[in-house]
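Here's the structure we're looking at; comments come further down.
The values are calculated or read from the model by the stated rules, or taken from the named source; none is laboratory data. Because the structure is predicted, anything quoted here is derived from the model rather than measured. Methodologically, a virtual Cβ is constructed for each residue, glycine included, from the backbone with ideal geometry; neighbour enumeration extends over all protein chains shown. Side chains included, ligands, DNA and RNA excluded: accessible areas come from the protein's heavy atoms. Shrake-Rupley method; radii C 1.70, N 1.55, O 1.52, S 1.80 Å.
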Amino acid sequence: MLNAATFAMTQLRAVLEAPQIARSTRVLCAAGHDREVRRVVLLEDAHGLAGASSDSIVILTTAASRDLARYGLVMTVRRAATRNIPALCLTDFGEQSLPSTAQDLAVHYRISVVAIAPGVDLALLITAAHDEMVGEVGRLLARAGAVSETLDRADAQESPLSDVLATVSEELGVPIAARPPDDGELGAQVMVDGTDEAWFALPATHSKDDVITSLVLNRLAQVAEHQMIAARRASERPILSRAAVLAELLLTDADNAERLVPRARRMGVPIDGWLTAIRLEFENLARLTRGDEVLSHELLLTVAARALDTASRHGGSWHRATVGSAVILVRADRTEPKSPVGEVTEIARKVIADIKAKFPDLVLYCGLGGSYQGISGLRTSAAEAGAGCTAARAAKQPDRPFAYFGLGFRRMLLQFYALEGSRAMIDHLLESIDRLGPRKSREAIRTLEAYLNHPHSPGHAASELGLHRNTVAYRVRRLFEFLDLDPEDPEHRLMLQLACRVRSL
């Protein structure tokens, strides 16, 4: 007989329900669970029961257990009863149940009978019982160890989080709540892509035990974070694929856009029906992420996902795309919306409010486009939304939707430019200027626009440009020669003015 050390009295139920023990045993009779124990005894022979004390958990080794025939098991329970033993543990007992006579004896004498699963290391089992009977930190460490194994498995197998939370609470012996901590509680936060997604909380003991339970809570939060990230990535995969195609439709030229139509339809990208665009441009992404391009891109995707979620919650079929550092939301309707201005404006307000609630330091400009049909309508609405953002910047009015519907003549210009023939005409007209390069072409367009806006007042044009009137006259003459246009021909002047106005939007 091997006798373990003696400890303070512990209820048998607490020992047998400890995570490592409960996983390795099967209760055949729980009649002695409410009794108290303070030692573990390991017996190689059932006859050794005669020397066991009334505060012992008796474990019969494999050899001792196999010697028990049905009658021998009844005699063993009877011997345990004569010594008033609280618990009898049988090794390699298989799936058998207790004989009815043995069951009646165990119930009458308040003896718990437990079957130990095949292959269980008895030394580890005795150590687990020892930790439970030591109590306090020893017990908590043993339970934390079992919880750690559970969390490692859950992390690898992506077990449902609700099941993991229930198992961990049971193994730790403390209920863990999925909510922010109240006063006097320990808490661990779950952060996903920089946003607060969940909390876990449990009561604090204000003792050294809190160090161990805090470690468990943080590991649980880490597992939850991994699962939420995996779930989010899986759900966003088709969204990101559609977003990439939608962005390509908006960025490419008209001919390539038409070639993308079959692919876009297969992926569910909105190109049919009536389409309305909202554009969000962000002023300070780089500053908020301290110039880190990777973090800026991740923040942009997080904001885009949040914007799409908010818009979708408030009605309509919405899709998203990221173009540069801007987010474009597109609503698709099968029929022409009855009141697109009010509906889209209200949804844009809610999107902005939700983004600002989560990222209060983010400065954004919002432009809204009109509702148009088909792929050309999609591009027109997106262009209008871009013009709305430009107008919002010019008006220095961030964090509010700027409807393009009220932009007057500029709206007509963009609708004119949305026509393929108009684009081709303007591109051909300004082709010579475009070859000068971005900076010089911008200066040329600005000079021509100022001159054409003040046809009878060269002085006003010069004042607008901050140049001498003779300098303006010289530049304008050279530009008309360069473009092979006649400055005295009213049709040439009107055509060039429209082209310059469109390019300056």
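Listing for the model above:
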quantity: Single unsatisfied condition, residue 167 versus (1) among the hydroxyl-bearing types (Ser, Thr, Tyr); (2) touching a helix residue (DSSP H, G or I) at 6+ places or on another chain (Cβ under 6 Å); (3) open to solvent by 80 Å² or more (accessible area, probe 1.4 Å); calculated: (3)
quantity: From the options 426, 445, residue that is part of a helix (DSSP H, G or I), at pLDDT 85 or above, in contact with a helix residue (DSSP H, G or I) (Cβ under 7 Å, 6 or more places away or on another chain) and of a type in the set (Val, Ile, Thr); calculated: 445
quantity: Qualifying residue in the stretch 449-465 (condition: part of a helix (DSSP H, G or I), at pLDDT 85 or above, in contact with a Cys (Cβ under 9 Å, 6 or more places away or on another chain) and under 27 Å from residue 379 (Cα atoms)); calculated: yes
quantity: So residue 205, is it hydroxyl-bearing (Ser, Thr, Tyr) and part of a helix (DSSP H, G or I); calculated: no
quantity: Within the stretch 96-116, considering residues that are farther than 23 Å from residue 11 by Cβ and assigned to a loop (DSSP other than H, G, I, E, B), the one most open to solvent (accessible area, probe 1.4 Å); calculated: 96
quantity: Wholly enclosed helices (runs of 4 or more DSSP H) of the stretch 251-369 bearing at least 2 residues at pLDDT 90 or above and among the β-branched types (Val, Ile, Thr); calculated: 293-313, 340-358
quantity: Pairs, first without any contact (Cβ under 8 Å) to a residue 12 or more places away in the chain in the stretch 15-42, second in a loop (DSSP other than H, G, I, E, B) and surrounded by 18 or more Cβ atoms within 10 Å (Cβ to Cβ), C-beta under 9 Å, six or more apart; calculated: 17/33
quantity: Residue ID - farthest from the chain's Cα centre (by Cα), chosen from residues in the stretch 328-351 that are surrounded by 21 or more Cβ atoms within 10 Å (Cβ to Cβ), among the hydrophobic types (A, V, I, L, M, F, W, C) and farther than 19 Å from residue 362 by Cβ; calculated: 344
quantity: Residues that are open to solvent by 40 Å² or more (accessible area, probe 1.4 Å) and among the aromatic types (Phe, Trp, Tyr), drawn from the stretch 451-505; calculated: 451, 474, 482
quantity: Candidates 36, 44 - the one that is under 20 Å from residue 122 (Cα atoms) and either open to solvent by 10 Å² or more (accessible area, probe 1.4 Å) or touching a strand residue (DSSP E or B) at 6+ places or on another chain (Cβ under 6 Å) (or both); calculated: 44
quantity: Of all residues making up the stretch 190-220, the number that are surrounded by fewer than 17 Cβ atoms within 10 Å (Cβ to Cβ), closer than 26 Å to residue 289 by Cβ and without any contact (Cβ under 8 Å) to a residue 40 or more places away in the chain; calculated: 4
quantity: Residue count for the stretch 370-385, restricted to those that are open to solvent by 10 Å² or more (accessible area, probe 1.4 Å) and assigned to a helix (DSSP H, G or I); calculated: 7
quantity: Pairs, first more than 13 Å from residue 433 (Cα to Cα) in the stretch 474-492, second outside any helix (DSSP H, G or I), C-beta under 7 Å, six or more apart; calculated: 492/485; 492/486
quantity: Residues (hydroxyl-bearing (Ser, Thr, Tyr), under 15 Å from residue 364 (Cα atoms) and open to solvent by less than 50 Å² (accessible area, probe 1.4 Å)) located in the stretch 290-327; calculated: 296, 302, 322
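Per-residue answers, yes or no, for (1) surrounded by 13 or more Cβ atoms within 10 Å (Cβ to Cβ); (2) acidic (Asp, Glu); (3) at pLDDT 85 or above; (4) within 16 Å of residue 213 (Cα to Cα):
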site	(1), (2), (3), (4)
120	yes, no, yes, no
123	no, no, no, no
135	yes, no, no, yes
143	yes, no, no, yes
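Per-residue answers, yes or no, for (1) of a type outside the set (Asp, Glu); (2) over 15 Å from residue 77 (Cβ atoms); (3) at pLDDT 90 or above; (4) open to solvent by 70 Å² or more (accessible area, probe 1.4 Å):
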| residue | (1), (2), (3), (4) |
| --- | --- |
| 18 | yes, yes, no, no |
| 22 | yes, yes, no, no |
| 26 | yes, yes, yes, yes |
| 31 | yes, no, yes, no |
| 53 | yes, yes, no, no |
| 58 | yes, no, yes, no |
